[in-house]
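Q: Dropping the structure in here first, questions after.
The values are calculated or read from the model by the stated rules, or taken from the named source; none is laboratory data. Keep in mind that this is a model prediction, so the values were computed, not measured. When we count neighbours, we look across all protein chains shown, and the Cβ atoms used for this are built from the backbone with ideal geometry, even at glycine. When the accessible area is computed, the model is the full protein with side chains, heavy atoms only, and any ligands, DNA or RNA have been set aside. Shrake-Rupley method; radii C 1.70, N 1.55, O 1.52, S 1.80 Å.
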Amino acid sequence: MKPFAYLRPDSPAEAVAAFAGRPGAQYLAGGTNLVDLMKLGVATPEVLIDVGGLPMDHIDVTPDGGLLVGANVRNSDLAAHPVVRSRYTALSQALLAGASGQLRNTATTGGNLLQRTRCTYFQDIAKPCNKRAPGTGCPARDGVHRDLAVLGHSEHCVATHPSDMAVALAALDAAVHVQGVAGERRLPVRDLHRLPGDHPESDTVLSPGELITAVELPPRPAGERTAYRKARDRASYAFALVSVAAVLDVHDGTVRGAALAFGGLAHRPWRAAAAEAALAGAPATRESFVRAADTALDGALPLRDNGFKVPLARNLAVAVLTGLATDAQDGEGTS
Ligand SMILES: Cc1cc2nc3c(=O)[nH]c(=O)nc-3n(C[C@H](O)[C@H](O)[C@H](O)COP(=O)(O)OP(=O)(O)OC[C@H]3O[C@@H](n4cnc5c(N)ncnc54)[C@H](O)[C@@H]3O)c2cc1C
Ligand code: SF4
């Protein structure tokens, strides 16, 4: 591992200021991704700014009934929070589907959102990779890409974003609060990550040194249901081949509102706006859900070895939506 300096600021403002004076700096939170990448020689920061001790570790119910989750809240604490379990079920399920118990006890909300892709070429410094070393090429396109993107990829990169939590947050209309030298701003999680285009080296729209301080979850209407489901190669810890986060509001057999996001398919959580529009006002039936899933996956461009992801995503989305609709019907029947 390359030698590095280590700083431990006392406040978010101090962390941001420390970063501003040091181009080779990187924030460190739980370290479960960054330290691995440093050991592999993929990340070579000159300065580690340890933000893990900053007081960004609270979960607060906001006056409007939403939640404000500090960037340092551990994944296991967020998954177990009673309000998350009851009102943001998809988020709790997504967190529990990610990594292992030990990792979730250390991994943080901010770090989870900004973890790097698991593309094998990205993690192997002996190989070319446009994301790690811009301009060197993308061997995954014609090489090993079974786990990689079918939507929104470019000739320069076909990587997928690995976070389960980010997919649930995208469907739940969460927003991130960030602090930088230019001040504070707030942006929807669904706009945080970017498609690879010509610049796969950038995973997000954040400027260098912008610190995530919190994630905000809006209040959810009563009667709405949410769920997350993940298809993976094994039951123990594994990244998603495909995952689905869905929000469904059904009344008298009709969809009043829906949100749908996919993981494992693209360089970012894939929010399916056209499918959501098709669902609004439609009968809450399997036929409507199949139509919506097909709409969502309409632009898929599978590579040689990952075409299986398209029917897998379709079936997963239909299963999740059907399950939510059935729960809604049962709920109406018993209330
Ligand atoms: C074996 C294994 C299996 C895993 N399986 C899954 C899985 O199935 N699903 C899943 O979602 N994840 C999985 N993970 C990933 C794990 O969830 C992430 O490593 C973890 O969430 C990262 O959080 P961290 O706090 O450790 O981040 P760190 O490693 O400390 O940081 C990660 C990145 O975020 C940046 N960063 C951290 N905090 C901030 C902040 N507040 N503001 C700005 N930048 C910040 C760092 O600079 C770094 O670039 C797995 C990891 C391992 C090792
Ligand atoms: S898919 Fe992206 S991360 Fe993987 S080798 Fe290609 S450029 Fe690198």
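Q: Applying the selection to the range 4-38, what residues are within 22 Å of THR109 (Cβ to Cβ) and more than 10 Å from ligand 1 (Cβ to nearest atom)?
A: Scanning the range 4-38 gives LEU7, ARG8, PRO9, ASP10, SER11, ALA13, GLU14, ALA18.
Q: Tell me, yes or no, whether the range 42-62 has at least one residue that is under 24 Å from GLN93 (Cβ atoms), in a helix (DSSP H, G or I), without any contact (Cβ under 8 Å) to a residue 40 or more places away in the chain and more than 16 Å from ligand 2 (Cβ to nearest atom).
A: no
Q: A further question on this structure: Given the conditions (1) surrounded by fewer than 18 Cβ atoms within 10 Å (Cβ to Cβ); (2) not β-branched (Val, Ile, Thr); (3) not in a helix (DSSP H, G or I), which single one is not true for ALA258?
A: Going through the list (1) surrounded by fewer than 18 Cβ atoms within 10 Å (Cβ to Cβ); (2) not β-branched (Val, Ile, Thr); (3) not in a helix (DSSP H, G or I), ALA258 breaks only (1).
Q: Could you say whether any residue in the range 109-127 is away from ligand 2 (no atom under 14 Å from the Cβ) and open to solvent by 60 Å² or more (accessible area, probe 1.4 Å)?
A: For the range 109-127, residues away from ligand 2 (no atom under 14 Å from the Cβ) and open to solvent by 60 Å² or more (accessible area, probe 1.4 Å): present.
Q: Further question: Given the residues HIS161, HIS145, HIS156, which is the only one that is crowded, with 24+ Cβ neighbours inside 10 Å, near ligand 2 (Cβ under 9 Å from one of its atoms) and modelled with pLDDT of 95 or more?
A: Criteria check complete, one pass: HIS145.
Q: Checking the conditions here, which among ALA277, ALA292 is of a type in the set (Gly, Ala, Ser), in a helix (DSSP H, G or I) and surrounded by fewer than 22 Cβ atoms within 10 Å (Cβ to Cβ)?
A: The conditions single out ALA277.
The rows are residues; the columns are (1) more than 8 Å from ligand 1 (Cβ to nearest atom); (2) modelled with pLDDT under 95; (3) touching a strand residue (DSSP E or B) at 6+ places or on another chain (Cβ under 6 Å); (4) not in a helix (DSSP H, G or I).
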{"position": "ASN72", "(1), (2), (3), (4)": "no, no, yes, yes"}
{"position": "ALA79", "(1), (2), (3), (4)": "yes, no, no, no"}
{"position": "SER86", "(1), (2), (3), (4)": "yes, no, no, no"}
{"position": "LEU103", "(1), (2), (3), (4)": "no, no, no, no"}
{"position": "GLY110", "(1), (2), (3), (4)": "no, no, yes, no"}
{"position": "GLN115", "(1), (2), (3), (4)": "no, no, no, yes"}
{"position": "CYS119", "(1), (2), (3), (4)": "yes, no, no, yes"}
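Q: What residue, among those in the range 128-141 that are open to solvent by 50 Å² or more (accessible area, probe 1.4 Å), within 10 Å of ligand 2 (Cβ to nearest atom) and not hydroxyl-bearing (Ser, Thr, Tyr), is farthest from PHE308 (Cα to Cα)?
A: The qualifying residue farthest from PHE308 (Cα to Cα) is PRO134.
Q: Which members of the range 132-168 meet the condition of being in contact (Cβ under 8 Å) with a residue 12 or more places away in the chain, assigned to a loop (DSSP other than H, G, I, E, B) and over 20 Å from ALA240 (Cα atoms)?
A: ARG132, PRO134, CYS138, PRO139, ASP142, GLU155, HIS156
Q: Condition test on ARG234, is it open to solvent by 70 Å² or more (accessible area, probe 1.4 Å), part of a loop (DSSP other than H, G, I, E, B) and more than 16 Å from ligand 2 (Cβ to nearest atom)?
A: yes
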